[in-house]
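Data block below; observations after.
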Amino acid sequence: MKHIPTTLLVTGAAGFIGSNFVHYWLSQYPGESIVALDALTYAGNRANLTSVENNPAFTFVHGDIIDTPLITQLLKDEQINTIVHFAAESHVDRSIHGPDAFLKTNIEGTHSLLKAAKTIWLDTGVKKHRFHHVSTDEVYGTLSPDEPAFTEQHQYLPNSPYAASKASSDHIVRSYHHTYGLNTTISNCSNNYGSYQFPEKLIPLIIANILDGKALPIYGDGKQIRDWLYVDDHNRGIDLIIRKGRVDNTYNIGGDNEWTNIDIVKRTCGLLDDRFEASEKMAARFPKAPQNSGKKAESLITYVDDRLGHDRRYAINASKISTELGYEPLESFETGIRKTIDWYLANEEWWRRIMDGSYREWILQNYCD
Ligand code: NAD
Ligand code: DAU
């Protein structure tokens with residue numbers, strides 16, 4: 001496939017999916033430039049970008065998407081022609097307890113980026129440009145067990161403050177195409193998992209808690225369903241959309257991989273039990289793990305109060321991106337979850353620093369000038 005060189009602004013580049021995207025892009029298109037922008041909120045971690053810090057094609061800017069003059073200046077000075085917008089407040093539980101930050105970053109922040117893009121690309125006549133907005137399947141609301149998976153035509157019915165803020169940002173992005181002619185695309189993806197995911201999200205939380213012998217909290221009855229996709233498969237979908245996707249189009253990205261929460265937790269438990277059985281070193285490294293006292297990881301499962309307004313089921317119909325752009329996930333859940341467990345075992349310091357709250361100091365000492 002022909003690749004047109006781009007200079008990218010990647011927002012939220014120090015977060016989970018954004019940092020994986022930076023790694024993916026720089027290895028896929030060596031020499032192409034990335035300006036990585038991140039406000040380094042609690043979820044942003046400069047350590048996620050260590051391996052690319054010395055790449056001449058990579059520049060990190062510590063800044064907030066809400067700072068329109070900063071974004072305008074960056075687009076102009078760095079001659080950026082593509083924005084890949086990941087930056088967001090992303091955790092549903094936090095949005096329930098404190099929605100304000102979600103409305104500010106996800107709605108106002110996205111609008112700030114759009115304003116800067118309009119000023120630099122439209123008002124000065126930069127024809128070849130693209131604003132890609134990374135969104136979520138949560139904008140479509142919840143499905144009953146037998147309903148067909150979400151297509152791009154599904155009605156927007158967001159249920160949490162997080163989902164509502166993402167839905168709002170999708171609409172604003174769309175309006176900037178219709179009103180001003182900005183070249184926009186949107187992707188709505190299902191639940192991601194993989195390396196560098198902040199251990200407040202289900203899969204990394206479960207891995208870390210098993211290793212430390214802590215409770216595995218299951219909200220409600222644990223029968224809620226999510227559709228899981230390995231993070232690199234999400235980023236490959238975004239790459240296809242940037243290169244081949246039609247302007248003013250929305251593409252769902254997903255892996256046709258529905259699991260109940262309790263089953264995914266039990267599967268993760270089983271895989272970690274296998275690791276303890278396979279290597280004696282695991283017991284020495286993780287003395288508090290239940291396997292050391294002859295118990296299975298599942299013994300840590302603890303049912304807790306349900307999340308307020310908890311969506312029952314998400315499922316993505318990804319046939320549009322697959323038919324139009326030839327998209328297909330490369331990882332099965334079995335290969336993806338094994339890679340993810342390997343990564344968390346190999347990067348214990350990374351998650352420990354986050355979980356014990358000392359990571360900010362560690363990042364400042366090791367990763368910041
Ligand atoms: P994350 O919370 O791990 O990372 C978000 C990043 O954005 C962090 O580095 C944070 O510091 C940065 N950020 C937050 N506010 C900012 C601001 N005002 N200015 C600049 N940077 C700011 O999130 P994630 O899981 O990597 O999600 C990335 C994007 O993908 C989000 O837009 C999310 O809605 C979307 N998404 C996530 C998933 C998923 O399963 N995680 C699935 C579908 C879509
Ligand atoms: O669907 C895409 C969305 O997936 C993204 O837009 C969000 O940014 C991302 O955080 C994710 O949202 P979820 O709420 O689905 O993910 P989370 O990992 O928080 O929870 C997954 C499921 O597991 C959900 O049904 C809640 C449940 N859960 C979660 C945690 C953290 C538990 O039962 N116990 C837990 O401790």
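The values are calculated or read from the model by the stated rules, or taken from the named source; none is laboratory data. Nothing here was measured: the structure is a model prediction, and the numbers come from that model. For neighbour counting, all protein chains shown are included, and Cβ atoms are generated from backbone atoms with ideal geometry for every residue, glycine included. Only protein heavy atoms, including side chains, enter the accessible area calculation; ligands, DNA and RNA are left aside. Shrake-Rupley method; radii C 1.70, N 1.55, O 1.52, S 1.80 Å.
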Residue within the stretch 306-319 that is more than 16 Å from ligand 2 (Cβ to nearest atom), open to solvent by 20 Å² or more (accessible area, probe 1.4 Å) and either of a type in the set (G, A, S) or out of contact with any helix residue (DSSP H, G or I) (no Cβ under 6 Å at 6 or more places or on another chain) (or both) present: yes
Enumeration of residues in the stretch 200-225 that are near ligand 2 (Cβ under 9 Å from one of its atoms), in a loop (DSSP other than H, G, I, E, B) and not small (G, A, S): E200, K201, Q224
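Quick one: how many residues across the stretch 294-305 are open to solvent by less than 80 Å² (accessible area, probe 1.4 Å), farther than 15 Å from D221 by Cα and out of contact with any Leu (no Cβ under 8 Å at 6 or more places or on another chain)? It would help to see each step written out before you state the result.
Here is the first cut: in the stretch 294-305, the residues open to solvent by less than 80 Å² (accessible area, probe 1.4 Å) are 294, 297, 299-302, 304.
Of the ones still in play, those that are also farther than 15 Å from D221 by Cα are 294, 297, 299-300.
From what's left, out of contact with any Leu (no Cβ under 8 Å at 6 or more places or on another chain): 294, 299.
Number satisfying all stated conditions: 2.
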Residues located in the stretch 134-166, provided they are assigned to a helix (DSSP H, G or I) and either open to solvent by 10 Å² or more (accessible area, probe 1.4 Å) or closer than 25 Å to T260 by Cβ (or both): D137, E138, V139, Y140, P161, Y162, A163, A164, K166
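Among the residues in the stretch 174-183, are any in contact with a Lys or Arg (Cβ under 8 Å, 6 or more places away or on another chain), within 15 Å of ligand 1 (Cβ to nearest atom) and under 25 Å from L70 (Cβ atoms)? First the steps, then the outcome.
Of the stretch 174-183, the ones in contact with a Lys or Arg (Cβ under 8 Å, 6 or more places away or on another chain) are 176, 180, 182-183.
Next cut, within 15 Å of ligand 1 (Cβ to nearest atom) only: none.
No, the conditions are met nowhere in the stretch 174-183.
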Residue within the stretch 135-158 that is near ligand 2 (Cβ under 10 Å from one of its atoms), over 30 Å from E298 (Cα atoms) and of a type in the set (A, V, I, L, M) present: yes
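Each row is one residue, and each column tells you yes or no for (1) under 23 Å from the mean Cα position of the chain (by Cα); (2) closer than 22 Å to I207 by Cα; (3) small (G, A, S); (4) at pLDDT 95 or above.
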position: G294; (1), (2), (3), (4): no, yes, yes, yes
position: S299; (1), (2), (3), (4): no, yes, yes, yes
position: Y303; (1), (2), (3), (4): no, yes, no, yes
position: D311; (1), (2), (3), (4): yes, no, no, yes
position: T323; (1), (2), (3), (4): no, no, no, yes
position: E334; (1), (2), (3), (4): yes, yes, no, yes
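Could you pull out the residue among K127, K115 that is free of Cβ contacts under 8 Å to residues at least 60 places away in the same chain, in a loop (DSSP other than H, G, I, E, B), of a type in the set (K, R) and away from ligand 1 (no atom under 14 Å from the Cβ)? If you could, list the steps in order and put the result at the bottom.
On the way: K115 fails: in a loop (DSSP other than H, G, I, E, B).
Going through K127, K115 in turn, just one is free of Cβ contacts under 8 Å to residues at least 60 places away in the same chain, in a loop (DSSP other than H, G, I, E, B), of a type in the set (K, R) and away from ligand 1 (no atom under 14 Å from the Cβ): K127.
Considering only residues that are polar (S, T, N, Q) and either within 16 Å of ligand 1 (Cβ to nearest atom) or closer than 21 Å to G255 by Cβ (or both), look in the stretch 197-231 and name the one that is surrounded by the most Cβ atoms within 10 Å (Cβ to Cβ).
Filtering the stretch 197-231 down to residues polar (S, T, N, Q) leaves 197, 209, 224.
Within this subset, residues satisfying the condition of being either within 16 Å of ligand 1 (Cβ to nearest atom) or closer than 21 Å to G255 by Cβ (or both) are 197, 224.
Numbers: Q197: 25, Q224: 20.
In this case the residue turns out to be Q197.
Are any of the residues in the stretch 64-72 closer than 30 Å to N159 by Cα, within 16 Å of ligand 2 (Cβ to nearest atom) and touching a residue at least 12 places away in the same chain (Cβ under 8 Å)?
Taking the stretch 64-72 and keeping what is closer than 30 Å to N159 by Cα, we get 64-68.
Checking the rest, the ones that are also within 16 Å of ligand 2 (Cβ to nearest atom) come to none.
So far as the stretch 64-72 goes, no, none of its residues is closer than 30 Å to N159 by Cα, within 16 Å of ligand 2 (Cβ to nearest atom) and touching a residue at least 12 places away in the same chain (Cβ under 8 Å).
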